[in-house]
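The next block holds one structure in the form of structure tokens; read it before the comments.
The values are calculated or read from the model by the stated rules, or taken from the named source; none is laboratory data. Just so it is clear, the model here is predicted, and its values are computed rather than measured. Cβ placement follows ideal geometry from the backbone for every residue including glycine, while neighbour counts extend to all protein chains displayed. In case anyone asks, the SASA skips ligands and DNA or RNA and just uses the protein heavy atoms, side chains included. Shrake-Rupley method; radii C 1.70, N 1.55, O 1.52, S 1.80 Å.
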Amino acid sequence: MIKGFKDFLMRGNVIDLAVAVVIGAAFTAIVTAFTTNLINPIIALFGGNNVNGLAVQLGSSDKTVVDFGAIITAVINFLIVAAIVYFIFVLPMNKLKERRKRGQEPGPAEPTDVELLKEIRDLLAAQQRQRQD
């Protein structure tokens, strides 16, 4: 059972999906809090009393403000998230793939044609039973 679960995890894009979920859910809030409460005050030190001190108003409307502080904050957020994802997820997976290529660790077992046909047969039989019920 554990071998089957390991094969499932290593097949396809399951790791890519997990990375996307982690990026979207967990790290964004942490990184935003970090940049808002630590980086923005440092940026404000050079731009005025607050981060908006790095903004330029092009016209008389509030909608014409170009906020360089927000752009810098977004870039810092992206760089922190990308570094965390690379060093925690991507780098270890690449090392695992490299070991498999050298033959140190076996890869996931590919199902045979007979196993795939049996799965198809079983799914079709289950659909037929559902239709009859």
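Considering (1) open to solvent by 100 Å² or more (accessible area, probe 1.4 Å); (2) at pLDDT 70 or above; (3) over 30 Å from A109 (Cα atoms), the lone condition that K95 does not fulfil carries the number (3).
Hey, F89 hits all of (1) in contact (Cβ under 8 Å) with a residue 24 or more places away in the chain; (2) under 30 Å from P41 (Cα atoms); (3) of a type outside the set (G, A, S) but one; which does it fall short on? Single failed check for F89: (2).
Conditions tested, residue by residue: (1) open to solvent by less than 40 Å² (accessible area, probe 1.4 Å); (2) modelled with pLDDT under 80.
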position: T35; (1), (2): yes, yes
position: P41; (1), (2): no, yes
position: T64; (1), (2): no, yes
position: T73; (1), (2): yes, yes
position: F87; (1), (2): no, no
